[in-house]
């Protein structure tokens, strides 16, 4: 195993702190000065996934969504440079703050939001990412995806993810998973989307993400999962934000939800709050890596300004938990 000497003592100056002002009780900002690490072991992984929350705008209003501040997006002007930077991450070892040095055989760029299909240049970005050798994917509520899009771009998509918490109209209305005109996703609509993907892009992994929250923790989603037969299903325990601590669920409620659906989908990813901590690589609309720490957001400098490899040096990354998720 290769070893490198890395000094993280000067990296803190590249971080800024963003405070969620909706909470009256705020923890103190952590000391961001890195620990000097003399020897770090090289870790090789098949694929590194970068989740780009390219805009915060959405046509749904889910109460648990963190994207409440309508942060301006520079996606249209920045996506080409950002994608070219990300495509170069397989060429050299990547150093993370206080963590192992990682080499990745490939990079998956996951377009997220908000709702990514509101971005006018999303199709262009998917095409460029594909041409650069990246593995494009997305996570969407599915409401804006057309059959024409799937026919034209489906073969470029490595993973097509869809956020579905419930197909019960009353439940979705309480969650906010609907448009301003109360339009919601239906099972028939999702069956059509899955069918077209399977016909025109059979290699695409079809995934469903479900946020297990106070409105659906006692629901049975088995009929939906059996109808759609996704390749992967991710059940995430809701993270109470914006002061909505009364909307969270207990660990026991989350475990009962998982037990109720045990064995339905061969590839099921279970993620409670502990498993999500620092095991995702996330970019904000300005192409800054960011991490949530209680009511604090820690952000690196933008890839546009300093490059992807330099920005990653300011990110704490739990490669062990990450590898478990994608194994």
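Does residue 144 satisfy the condition of being farther than 20 Å from residue 265 by Cα and surrounded by fewer than 16 Cβ atoms within 10 Å (Cβ to Cβ)? Explain how you work it out, then say what you get.
Details: farther than 20 Å from residue 265 by Cα: yes; surrounded by fewer than 16 Cβ atoms within 10 Å (Cβ to Cβ): yes.
Yes.
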Quick check on my filter: what residues within segment 188-230 are more than 20 Å from residue 171 (Cα to Cα) and part of a strand (DSSP E or B)?
205, 206, 207
Give segment 76-93 a look and list any residue that's under 18 Å from residue 290 (Cβ atoms) and crowded, with 22+ Cβ neighbours inside 10 Å, or say none.
79, 82, 86
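Quick check, is residue 151 within 30 Å of residue 318 (Cα to Cα), more than 20 Å from the chain's Cα centre (by Cα) and in a helix (DSSP H, G or I)? Give the derivation first.
On the way: within 30 Å of residue 318 (Cα to Cα): no; more than 20 Å from the chain's Cα centre (by Cα): yes; in a helix (DSSP H, G or I): yes.
No.
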Residue ranges of helices (runs of 4 or more DSSP H) in segment 271-312 with at least 3 members more than 24 Å from residue 119 (Cα to Cα) and either out of contact with any helix residue (DSSP H, G or I) (no Cβ under 6 Å at 6 or more places or on another chain) or at pLDDT below 85 (or both)
273-276, 308-312
Residue 233 fails exactly one of the following numbered conditions: (1) free of Cβ contacts under 8 Å to residues at least 40 places away in the same chain; (2) surrounded by 20 or more Cβ atoms within 10 Å (Cβ to Cβ); (3) assigned to a loop (DSSP other than H, G, I, E, B). What is the number of that condition?
(3)
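Mind listing just one residue for me: the one in segment 118-143 that is part of a loop (DSSP other than H, G, I, E, B) and within 22 Å of residue 232 (Cβ to Cβ) and, of those, nearest to the chain's Cα centre (by Cα)?
Taking segment 118-143 first, the residues part of a loop (DSSP other than H, G, I, E, B) are 119-121, 132-134, 141-143.
Subsequent filtering for residues that are within 22 Å of residue 232 (Cβ to Cβ) retains 134, 141-143.
Values: 134: 16, 141: 13, 142: 16, 143: 18 Å.
Looking at the filtered set, the residue picked out is 141.
Residue-by-condition table, conditions (1) in a loop (DSSP other than H, G, I, E, B); (2) buried (at least 18 other Cβ atoms within 10 Å of the Cβ); (3) at pLDDT 95 or above; (4) in contact with a strand residue (DSSP E or B) (Cβ under 8 Å, 6 or more places away or on another chain):
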residue: 33; (1), (2), (3), (4): yes, no, no, no
residue: 56; (1), (2), (3), (4): yes, yes, no, no
residue: 61; (1), (2), (3), (4): yes, no, no, no
residue: 109; (1), (2), (3), (4): no, yes, yes, yes
What's the number of the condition residue 136 fails, among (1) crowded, with 16+ Cβ neighbours inside 10 Å; (2) within 25 Å of residue 212 (Cα to Cα)?
(2)
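The values are calculated or read from the model by the stated rules, or taken from the named source; none is laboratory data. All of these numbers come straight from a predicted model, not from anything done at the bench. All Cβ positions, glycine included, derive from the backbone under ideal geometry; neighbour counts span all protein chains shown.
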